[in-house]
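Contents: one structure, followed by commentary.
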Amino acid sequence: MKSIVHRVIVLQFVFCLLCVCQKNASAQVADIVKEFEQQRVALIENMSQSVVAIFAPGGAGGGSGVIVSPDGFVVTNFHVVQGSGGFMPCGLNDGKVYDAVLVGVDPTGDVAVIKLLGRDDFPAATIGNSDELRVGEMSYALGNPFLLATDFQPTVTYGMVSGVHRYQYPAGTFLEYSDCIQVDTSINPGNSGGPLFNKDGELVGINGRIAVEKRGRVNVGAGYAISINQVMNFLDHLKSGRIVDHATLGAIVSSNSDGAVIVKSILSSSAAYRRGLRQGDELISFGGRPVRSVNQFKNVLGIYPKGWTIPLSFQRETERFDVNVQLAALHRRSELINEAPEEPQPEDQPEKPPEDQDKPFEVPNPFHQPPKDEPPAEYAHMFEEKAGYANYYFNKIARERLMKTVSDWGNFKAKPKGWALAGKVTNAAEFQIRFQPDLIASQFAKDFAVQKLDSDFTDVPPGSGGLLAALHQLQQFLSAPEDYFTDFYYLGSEPLDGTGPKTDVIITTRGLVSTRWYFDQQTGTFIGFDTQLEEYVDPCVIRFGELQKIDEIQFPTVLKIQHAGADFAELQIESLKFYEPQQEAQE
Amino acid sequence: MKHLCWILMCYLISTSMLQAESIPNVIDGVQPKVVKLFGAGGLKNLAGYGSGFLVSADGHIVTVWSHLLDSDVVTVVLSDGQRFYGEVLGTDSRLDLAIIKIDSQNLPHFDLKQAVSVGPGARVLAFSNMFKVATGDEPLTVVHGVVSSKTELSAKRGRYKVPYSGPVYLTDAITNNSGAAGGVLTTYDGKLLAMLGRELQSEESNTWINYAMPIPELQGAIEDIIAGKFTRRDPLTSTNKPEAMFSTLDFGIVLVPNVVFRTPAYIEAIQDDSPAAKQGLKPDDLIVFANGELVNSIQNLEQVFAQAIPGDDLQLIIRRNEELITVTFPIPRK
């Protein structure tokens, strides 16, 4: 009896306590709110470290950027660095000015990468996943709106995600914001290129565009950020120092009255056509996402660099097709290089990208003297001009890094020019392949094939996609790539064959023949290559097995050969001999 | 007893720390009830797109009465991308209100009776198709803010003073953007508050105001229009007309009583010595066209007369027996 009374008293006490707490909570700020505020202050202090204030030459104009890795790579908008030349001064919130060099640009997607110089431990942002964002979540935009940050402390604004996977038409230029994030977080001129963080402080977007209409170029509640997932797809392409291009399927699609997305026209030279897509087919999904409107289709297309292979599902009558399609380049090379996007013309469209070159505002010059125009002497070598490149230097060093792996196979350059490859075709007969200075010849069981090196490369042996031509490219790649190939550059990275692990890609061309050479990003191993005899045909695909030691060199134990989606042959390599070609002639 | 203690404590703690449903989930719940509208416009400063919200399961949509509805066809696109042709059921120019009807069933919708009222400081969400960002099945734009005040509207558009001067919510969320009018303002848990207003400027300061019409102000008119028993109470047909507003009576035309929803414009009587008498109009004539526009109803005709410009001509085409006769009235300068 006593214990029950005791318990009731305790309960009543607890009641009172809770009531009092409630009452107090309304009079002063609850502890939980104070705690949240402290967390937010700490989060902002953390995020602010990775925000870069980018200054255009002369001190007038510029924008923002965000550090994505400790070695100093910074992501920003193309229109922020356009016209800045090779070097630009940048401020971090430690109050210091750092030199930065231009690395690569993506004019269509409005992204650019620059590299801060002088340290290898820059505070980098944590990369988030923009596909996980939901409308209604809060977000932070940090940057330099109205160029207020003369002390390099970024301005911080806080707002809500208003829409995801939005498509914004190119407005007067060819800047297209596909699959972008829409926010009511206040974004103004000067925020361009700066980061959009999610509520946990992870980088999810690059702010670049705002809707402007009747109030002039200021925020009206609709800002757009390029999704970080798109930027990450392009990152290695941008680090390759090139002017990067976007992708096309080679087809035009439109919505019919039922809301289905139908192929209106398709280039017969496109990879999609070769995989079976035809006019009138209905698209079901693309890149793993359902396609229910033309905007959704463009959203998927806009986030991939050219050359990536991505899955496509389509329907004809009642039959469904699932294929993997390699995306072609959206622009001709000359378009990208010569046509630098102009100032957007005022059109009757509410949206325009904020161009920071014509600032209507009074801009305080953060430097008391005009900043020097010449690059700092110690870094001058890090910028090399070359047609088609934003900064050829970075392409050179990426290529050299990968070719080191190739040189691990051995010194093929020192070997005689005649090669004799022999072995067994899996589950079939023996084979021999002879590499001579004027031709390559093969013998598979009783079938002979010859590819003369002074005539057009053709599909020999038939059905291989040009195996002999491909092997010739390999021989040159191993022994004398800089002499043989007209183009020889690092492209960027992509998932191998669309779904595999991330691989670095080098591209070589000679005449009409182009080859893509693949290196696993994780292990650095040289894993294979695709040789295309000309632009609109399927390549001969070769993948290497384990390496084996043959005298002083290494060579794969197996060559797996495929063409047009089907296996051609698997060659077990038993020997690779070298000989002076004159010896053969004498025999 | 011990169990009872714990249950009670847990209940108290949970109620005191009651978490609202997450905003993304609230938004997902509202999106099916709001629609995209496409109609007349598409010229500079006159957008051809707008927003609206469903208030019945069979497709009554509330929106603003605006130039968008000037076209013959208003296209309504639901949150799942389904397209309908909407018919303007009725309008109330005094409240800037219009009801559109589409032919459907079992549609998710707002229950007007469950609309709430809030005061300054209340957090709000605004759903709309501002800047036509959303097409097809893409969801509407959602912005957030607080109610800055609940006050009386004093606004204009250009030089035209807006007739409504009743209560409105002003927010710090920027809702004064093209295409936003007709969208909804809700609380943070998705309860209906108000209809987003048009792109108006404050009479005092000339600045663009972000305002919304509270549902209680609109509810009566909405229900009347839907029920088909709406009678116009706006200045267009009342006796206190602003200057230079004409009616059929000014020309000596007495129409039949306007009792049904769309009373055809039959002439009941012609006043002696009036312009109509001089032009030869007779009782039982049916006015079919006015200034080239089809006359659907007496309401329609009165609108054309009300908008007549002094010094201009007013052309009527009437049907008498099987003949069509054209008459033209010069509109007098007052």
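A few comments on the model shown:
- Screening the candidates A:Pro461, A:Pro416, A:Pro437 for the property of being within 19 Å of A:Asp530 (Cα to Cα) and not aromatic (Phe, Trp, Tyr) yields one hit, A:Pro461.
- Qualifying residues in the stretch B:143-172 (those that are in a loop (DSSP other than H, G, I, E, B) and among the hydroxyl-bearing types (Ser, Thr, Tyr)) - the one nearest to B:Asp92 (Cα to Cα): B:Tyr164
- Filtering A:Gly492, A:Gly528, A:Gly545, A:Gly498 for residues that are in contact (Cβ under 8 Å) with a residue 40 or more places away in the chain, more than 19 Å from A:Arg333 (Cα to Cα) and not hydrophobic (A, V, I, L, M, F, W, C) leaves a single hit, A:Gly498.
- Failed item, numbered, when A:Pro461 is tested on (1) under 20 Å from A:Val505 (Cβ atoms); (2) touching a helix residue (DSSP H, G or I) at 6+ places or on another chain (Cβ under 8 Å): (1)
- For the stretch A:154-164, the criterion of being modelled with pLDDT under 95 and either more than 20 Å from the chain's Cα centre (by Cα) or within 12 Å of chain B (Cβ to nearest Cβ) (or both) is met by none of the residues.
So that you can scan it fast, the table gives a plain yes or no per residue for (1) farther than 26 Å from B:Phe84 by Cβ; (2) free of Cβ contacts under 8 Å to residues at least 40 places away in the same chain:
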{"residue": "A:Leu277", "(1), (2)": "yes, no"}
{"residue": "A:Gly280", "(1), (2)": "yes, yes"}
{"residue": "A:Ser285", "(1), (2)": "yes, yes"}
{"residue": "A:Val291", "(1), (2)": "no, yes"}
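- Within the stretch A:154-181, being open to solvent by less than 10 Å² (accessible area, probe 1.4 Å) and in a loop (DSSP other than H, G, I, E, B) holds for A:Ala171, A:Leu175.
- Test: residue in the stretch A:247-258 that is touching a Gly at 6+ places or on another chain (Cβ under 9 Å), charged (D, E, K, R) and either outside any helix (DSSP H, G or I) or crowded, with 23+ Cβ neighbours inside 10 Å (or both): no
- For the stretch B:135-162, a residue qualifies if it is open to solvent by 40 Å² or more (accessible area, probe 1.4 Å) and within 20 Å of the chain's Cα centre (by Cα), and the qualifying residues are B:Glu152, B:Arg157, B:Gly158, B:Tyr160, B:Lys161.
- Residue count for the stretch A:384-401, restricted to those that are open to solvent by 30 Å² or more (accessible area, probe 1.4 Å), in contact (Cβ under 8 Å) with a residue 24 or more places away in the chain and hydrophobic (A, V, I, L, M, F, W, C): 1
- If you go through the stretch B:30-52 and keep only what is assigned to a helix (DSSP H, G or I) and within 11 Å of another protein chain (Cβ to nearest Cβ), you end up with B:Val30, B:Gln31.
Results for (1) modelled with pLDDT under 90; (2) more than 25 Å from A:Val164 (Cβ to Cβ), shown as yes or no for each residue.
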{"position": "A:Thr248", "(1), (2)": "no, no"}
{"position": "A:Ile252", "(1), (2)": "no, yes"}
{"position": "A:Ser270", "(1), (2)": "no, yes"}
{"position": "A:Phe286", "(1), (2)": "no, no"}
{"position": "A:Ser293", "(1), (2)": "yes, no"}
{"position": "A:Gln296", "(1), (2)": "no, no"}
{"position": "A:Leu301", "(1), (2)": "no, no"}
{"position": "A:Asn324", "(1), (2)": "no, yes"}
{"position": "A:Leu330", "(1), (2)": "yes, no"}
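- Within the stretch A:115-153, being aliphatic (A, V, I, L, M), within 14 Å of another protein chain (Cβ to nearest Cβ) and either in a strand (DSSP E or B) or open to solvent by less than 20 Å² (accessible area, probe 1.4 Å) (or both) holds for A:Leu133, A:Met138.
- Some residue of the stretch B:174-182 being more than 17 Å from the chain's Cα centre (by Cα) and part of a strand (DSSP E or B): no
- Per this entry, A:Asp487 is counted among residues that are at pLDDT 90 or above, under 30 Å from A:Gln230 (Cα atoms) and acidic (Asp, Glu).
- Residue match in the stretch A:96-114 (condition: at pLDDT 85 or above, loosely packed, with under 12 Cβ neighbours inside 10 Å and assigned to a loop (DSSP other than H, G, I, E, B)): yes
- Subset tally (residues that are free of Cβ contacts under 8 Å to residues at least 60 places away in the same chain, more than 14 Å from chain A (Cβ to nearest Cβ) and aliphatic (A, V, I, L, M)) for the stretch B:143-172: 5
- Conditions (1) within 13 Å of chain B (Cβ to nearest Cβ); (2) at negative phi; (3) in contact with a Gly (Cβ under 6 Å, 6 or more places away or on another chain); number of the one not met by A:Glu213: (3)
- Enumerated strands (runs of 3 or more DSSP E) restricted to the stretch B:281-334, each holding at least 2 residues that are farther than 15 Å from B:Ile253 by Cβ: B:323-330
- Scanning the stretch A:95-124 for residues that are hydrophobic (A, V, I, L, M, F, W, C) and within 18 Å of the chain's Cα centre (by Cα) turns up A:Leu102, A:Val103, A:Val105, A:Val111, A:Ala112, A:Val113, A:Ile114.
- Strands (runs of 3 or more DSSP E) contained entirely in the stretch A:409-461, each with at least 1 residues that are in contact with an Asp or Glu (Cβ under 6 Å, 6 or more places away or on another chain): A:418-425
- Of all residues in the stretch B:112-142, those satisfying the criterion of being in a loop (DSSP other than H, G, I, E, B), more than 14 Å from chain A (Cβ to nearest Cβ) and touching a residue at least 40 places away in the same chain (Cβ under 8 Å) are B:Ala115, B:Val116, B:Ser117, B:Val118, B:Ala122.
- Residue, farthest from the other protein chains (Cβ to nearest Cβ), within the stretch A:181-210, restricted to residues that are without any contact (Cβ under 8 Å) to a residue 60 or more places away in the chain and under 18 Å from A:Ser64 (Cα atoms): A:Leu196
- For the stretch A:418-446, the set of residues classified as at pLDDT below 90 and open to solvent by 80 Å² or more (accessible area, probe 1.4 Å) consists of A:Asn427, A:Lys446, listed by residue number.
The values are calculated or read from the model by the stated rules, or taken from the named source; none is laboratory data. Computed from a predicted structure; not experimentally measured. For neighbour counting, all protein chains shown are included, and Cβ atoms are generated from backbone atoms with ideal geometry for every residue, glycine included. Accessible surface areas use protein heavy atoms only, side chains included; no ligands, DNA or RNA. Shrake-Rupley method; radii C 1.70, N 1.55, O 1.52, S 1.80 Å.
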